[in-house]
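First up is the structure itself, then whatever we jot down about it.
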Amino acid sequence: MSAKEVHWKLTVEEYAARDSPESWTSPLPSPETIISPLRSDSTPSPPAPPQPTQTLPLPTTPTLGINPVLTPANALKLDLSFPSDAFRSNRQLTSALLAEPACTPSRTALIVRISAGLYRAQVQIRHMSRARNSDAPEEAVTVGDVLTAIQRELRQYDTGCTVPAEAEPYLRRRIATVNGYSENRSAEARQATVAAEEKGGGRLVDHLLGHTMFAGLTLQTGQPDHCWQLELVVPERYA
């Protein structure tokens, strides 16, 4: 036999039989073992897990901000028991400051609750032009509107028959120290101021029992944002 001659070990018939599907190492499953998706005994596919829904942010309501000079952190040092002329002449109260909105967003009406000592009241505040004339157009309440309304409320004369016994010492102290806010005044002028402060007797501010120093305004808990609380402390004048 020549070295270049090749002899097949298998005949053509044997090779065809060897290459048939029956001779493969991993035979195909018989038709009986194939489960049709349309048959009733087929196992259903597990349901796809629910996709998380996207939660959209809810619209937010703008938070009301009280003017910084009216907040406890930056409260103007104003003794509300001094006479109105002393209040108006306070150097802190510039025209520009008094004209600023009391809050942002602005409000055309506010309610300030006063609660200290023996006194409880709620003061309704509107812009001064509106307070004097109900036909005037609504305007934003200003810093000046708030401070003026509170000071006027507390400086009213006490219309009671007698000043409460607890308030008597504070009435006397208010009168005795009325000249503490003024300087370089003659003795006659100072005596006139004392006489004017004595006239009419007690005032509502005496019912605060010494809590007469403005310490800022805060929002009342659980109330609409136009309802505020007046914070007060005892000044050195009454210490």
- Gain upon complete extension [Lys199, Gln122; 0.36 nm per residue less C-alpha separation]: 25.1 nm
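Taking the Cβ of Ala116 as the centre, find all other residues whose Cβ is under 13 Å away and add up their charges (Lys, Arg: +1; Asp, Glu: -1).
-2
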- Whole-number percent relative contact order across region 78-215, with pairs defined as alpha carbons under 8 Å at least 6 apart: 33 percent
- Query: If packing is taken as the mean number of other Cβ atoms within 10 Å per residue, what is the order of 68-77, 142-151, highest first?
  - Reply: 142-151, 68-77
- Query: Working out 0.36 nm times the residue gap between Asn184 and Leu64, then minus their Cα-Cα distance, what length gain in nm do you get to one decimal?
  - Reply: 38.9 nm
- Environment charge of Leu147, counting only residues whose C-beta is closer than 15 Å and scoring Lys/Arg +1, Asp/Glu -1: 0
- Task: Neighbouring Cβ atoms within 10 Å as the yardstick, rank Asp206, Asp135, Asp158 fewest first.
- Result: Asp135, Asp158, Asp206
- Item | Order of His207, His226, His127 under a 10 Å beta carbon neighbour criterion, fewest first | His226, His127, His207
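Hey, fewest Cβ within 10 Å first, where do Met128, Met213 land in order?
Exposure proxy ranking, most exposed first: Met128, Met213.
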- Message: Restricting to bridges with both residues inside region 76-238, how much of the DSSP beta-bridge set is antiparallel, in percent to the nearest 5?
- Response: 85 percent
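The numbers here are math on the coordinates, done by the rules we state, and not lab data. Remember, it's a predicted structure, so these values are computed and weren't measured experimentally. Counting neighbours? That spans all protein chains shown, and the Cβs are built from the backbone with ideal geometry, glycine included.
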